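Colleague: Dropping a structure here in structure tokens format, bear with me for questions.
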Amino acid sequence: MNALLSNVWFLVAVILLLVTPEATTSWWYMGAVGSSTSSSRVMCNNIPGLVAHQRQLCQRYPEIMHVIGLGVSEWTAECQHQFRHHRWNCNTLERDQSLFGKLVLRSSRESAFVYAISSAGVVFAITRACSQGELKSCSCDPNKKGPSKDNKGSFDWGGCSDNIDYGIKFARAFVDAKERKGKDARALMNLHNNRAGRKAVKRFMKQDCKCHGVSGSCTLRTCWLAMGDFRRSGDFLWRKYNGAIQVVMNQDGTGFTVANKKFNKPTSNDLVYFENSPDYCLRDRDAGSVGTAGRLCNQTSRGMDSCEVMCCGRGYDTARVTKMAKCECKFHWCCAVHCKECLETVDVHTCKAPKDVPWREKT
Ligand SMILES: *[C@@H]1O[C@H](CO)[C@@H](O)[C@H](O)[C@H]1NC(C)=O
């Protein structure tokens, strides 16, 4: 029975590999494959698009792969939160093994952001799992022990410090493995943005302390290092996305320089990109765009989520929807708020689909 089952899995894996053009797939797809109870060999072969070194790590550390796979939905949610008002909204494509279509192959600002946030997500997920004792290969930071000093005086390391260095080390080995194979411009760009993503987690590490001693006199302090909320890394990378720096390959092809000499050279915290973004108005698989048809827009906004911008001038439909909402809320001393449930009518605007056969439509 077991032999039959693994044969079936082997076939599935082979079929997946055959129908999947290797180049457009990525470990990002791990979130969809998940890690079942099947053996790690079967699981690791079942994830399309892993390069040889990633497959080795997968077989050696199946539990970390599980953590990375679960983390995918977390960083995609963060990406979608940051882009909620934009035409490109970090939407994942259903049944698409690259998760974001051919965005994986682009070198736009949006791909820069996805590479950075995904790499940050891996660091965050692994580091948290280490602290929670979910992994055999790591635990709390073993170096945060014993007495130490800061600007408030001396303290003892105590409790559990997040082992961010382990998370960063594993994320670098696993995520960067694919880019280390190639030496082309895009690989260099991806490596840079992956690193920026890892650093975007580390920079929000903070020291928490607890006071001990007579009535909180703080004669004794124990401290530990903890990661910040992932939202903070998301917000930071979002600012870096908005200030992303366009670069060109340098003459000898070993690195890049800033495209417009008026701008500063990118630092290791900056996101870099090569190509200008498409407008993301229409569905275009090659551009990693699902188009904005059916997207919600805001009639009163003047920003990216306004109906003008979001719908690319195609116009929008308005539907009046009635929904339950809290109303007539009263504050009761002390401390409760009681509300009634009322029916509320609101207008919902959604972008029209393109009228004629869109010439850019590619499926
Ligand atoms: C629409 O945009 C306006 C102005 O930016 C904002 O105040 C309002 O909350 C937005 N409405 C919705 C439904 O998001």
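Colleague: Report the Cα centroid-to-centroid distance between segment 128-197 and segment 274-323 in angstrom, as an integer.
Modeller: For segment 128-197 versus segment 274-323, the Cα centre distance is 38 Å.
Colleague: Need one number: convex hull volume per residue for segment 222-322, Cα atoms only, in Å³. Walk me through the numbers on the way to the answer.
Modeller: Numbers: hull volume 23.5 nm³, N = 101.
It comes to 233 Å³ per residue, whole-number rounded.
Colleague: What is the dipole size for the chain, taken about its Cα centre, with +1 at each Lys and Arg Cβ and -1 at each Asp and Glu Cβ, in debye to the nearest 20?
Modeller: Working: 51 positive and 34 negative charges, 154 e Å.
Charge dipole, the chain, about its Cα centre: 740 debye, nearest 20.
Colleague: Same structure, new question: Counting Lys and Arg as +1 and Asp and Glu as -1, each charge on the Cβ, what is the dipole of segment 143-251 about the Cα centre in debye, to the nearest 20?
Modeller: Working: 23 positive and 10 negative charges, 55 e Å.
That gives a dipole near 260 debye.
Colleague: Positive end of the charge dipole of the chain (Lys, Arg +1 and Asp, Glu -1 on Cβ, about the Cα centre): tell me which of Gly146, Ala187, Leu296 has its Cα farthest that way.
Modeller: Toward the positive end, the furthest listed residue is Gly146.
Colleague: Summing Lys, Arg as +1 and Asp, Glu as -1, what charge do residues with Cβ under 14 Å from the Cβ of Ala187 carry, Ala187 excluded? Write out the running numbers ahead of the final one.
Modeller: On the way: positive: Arg106, Lys178, Arg180, Lys181, Lys183, Arg186, Arg195; negative: Asp176, Glu179, Asp184.
Summing Lys/Arg as +1 and Asp/Glu as -1 gives +4.
Colleague: With no solvent and one equal point scatterer placed on each C-alpha of the chain, evaluate the Debye formula and give log10 I(q)/I(0) for q = 0.08 Å⁻¹, two decimals.
Modeller: Relative scattering, expressed as log10 I(q)/I(0), comes to -0.53.
Colleague: Take Thr300 and Lys152, extend 7 Å from each Cα along the Cα→Cβ direction, and tell me the distance between the two endpoints in nm.
Modeller: Label at Thr300, label at Lys152, 4.4 nm between them.
Colleague: What is the sum of charges around Cys327, taking Lys and Arg as +1, Asp and Glu as -1, for the other residues whose C-beta is under 11 Å from the C-beta of Cys327? Spell out each step's value before the answer.
Modeller: On the way: positive: Lys326, Lys330, Lys340; negative: Glu328, Glu341, Glu344.
That sum, taken over residues with Cβ under 11 Å, equals 0.
Colleague: Net charge near Asp229: determine it from the other residues with C-beta under 15 Å of the C-beta of Asp229, scoring Lys and Arg +1 and Asp and Glu -1. Intermediate results must be reported in sequence, preceding the final value.
Modeller: Details: positive: Arg128, Lys202, Arg203, Lys206, Arg231, Arg232; negative: Glu74, Glu78, Asp162, Asp208, Asp235.
Net charge around Asp229: +1.
Colleague: Which length gain, in nm to one decimal place, applies between His85 and Lys136 when the Cα-Cα distance is subtracted from 0.36 nm times their residue separation? Mind dumping the intermediate values first?
Modeller: Details: separation 51, 0.36 × 51 = 18.36 nm, distance 4.08 nm.
Here the answer is 14.3 nm.
Colleague: Could you tell me the calculated FRET efficiency between Val42 and Ala187, based on Cβ-Cβ distance and R0 = 35 angstrom, to the nearest 0.05? The partial results should precede the final answer.
Modeller: On the way: r = 29 Å, r/R0 = 0.84.
It comes to 0.75.
Colleague: Let me ask you something else. Cut-off 10 angstrom, C-alpha nodes, Gaussian network model of the chain. Which of Ser268, Ser118, Ser233 fluctuates the most?
Modeller: So, out of Ser268, Ser118, Ser233, the one fluctuating most is Ser268.
Colleague: Where is the GNM fluctuation largest for the chain (alpha-carbon springs, 10 angstrom cutoff): Ser217, Ser107, Ser131?
Modeller: Between Ser217, Ser107, Ser131, it is Ser217 that shows the largest mean-square fluctuation.
Colleague: Enumerate the amide H contacts of Phe155 below 5 Å, restricted to partners 5 or more residues apart or on another chain; note that Pro and chain-start residues carry no placed amide H.
Modeller: The list, which skips near neighbours in sequence, is Ser148, Lys149, Asp150.
Colleague: Related question: Can you list the residues, at least 5 places off or on another chain, whose amide H is less than 5 Å from the amide H of Asn298, using H built in the peptide plane?
Modeller: For Asn298, the qualifying residues are Ser306, Cys307.
Colleague: Cut-off 10 angstrom, C-alpha nodes, Gaussian network model of the chain. Which of Lys102, Lys240, Lys181 fluctuates the most?
Modeller: Among Lys102, Lys240, Lys181, the largest mean-square fluctuation in the Gaussian network model of the chain belongs to Lys181.
Colleague: How would you rank Leu103, Leu191, going from fewest to most other Cβ atoms within 10 Å of each one's own Cβ? Could the numbers behind the result be given before it?
Modeller: Details: Leu103 26, Leu191 18.
Exposure proxy ranking, most exposed first: Leu191, Leu103.
Colleague: Next question, about the same structure. 5 Å is the cut-off here: which amide hydrogens, built 1.01 Å from N in the peptide plane, fall below it relative to Ile245, excluding neighbours closer than 5 in sequence?
Modeller: Under 5 Å from the amide H of Ile245 lie the amide H atoms of Leu271, Val272, Tyr273, each far enough along the sequence or on another chain.
Colleague: Still on this structure, please answer the following. Give the aspartates and glutamates whose C-alpha is closer than 19 Å to that of Lys206, dropping any in the same chain fewer than 8 places away, or say none.
Modeller: Cα-Cα hits under 19 Å: Asp141, Asp150, Asp156, Asp162, Asp165, Asp229, Asp235.
Colleague: While we're here: With 28 Å as the limit, write out which pairs from Lys145/Lys240; Lys102/Lys199; Lys102/Lys352 have Cα-Cα distances beyond it, or answer none.
Modeller: Values: Lys145/Lys240 35 Å; Lys102/Lys199 26 Å; Lys102/Lys352 24 Å.
Going by Cα-Cα distance, Lys145/Lys240 fall outside the 28 Å limit.
Colleague: Report relative contact order for the chain in percent, whole number only (criteria: Cα-Cα under 8 Å, sequence separation at least 6). Don't skip to the answer; put the middle values down first.
Modeller: Working: 627 pairs, mean separation 53.7, N = 363.
Reported relative contact order: 15 percent.
Colleague: Suppose only helical runs count, i.e. DSSP H with n ≥ 4. What mean residue ellipticity at 222 nm does that imply for the chain under -39500 (n - 2.57) per run, divided by all residues and rounded to the nearest 500 deg cm²/dmol? Show your work: numbers first, answer last.
Modeller: Values: 11 runs with 134 residues, N = 363.
Only helices count here, giving -11500 deg cm²/dmol.
Colleague: Taking N as the number of residues in segment 149-276, what value does Rg over Cα atoms divided by 2.2 N^0.38 Å take?
Modeller: Details: Rg = 19.8 Å, N = 128, 2.2 N^0.38 = 13.9 Å.
Relative to the rule-of-thumb radius for its length, segment 149-276 sits at 1.43.
Every number in this text was worked out from the coordinates using simple rules, so none of it is lab data. Here the structure is a predicted model, which is why all the values come from computation and not from measurement. Here the Cβ is made from the backbone with ideal geometry for all residues, glycine too, and neighbour counts use every protein chain on show.
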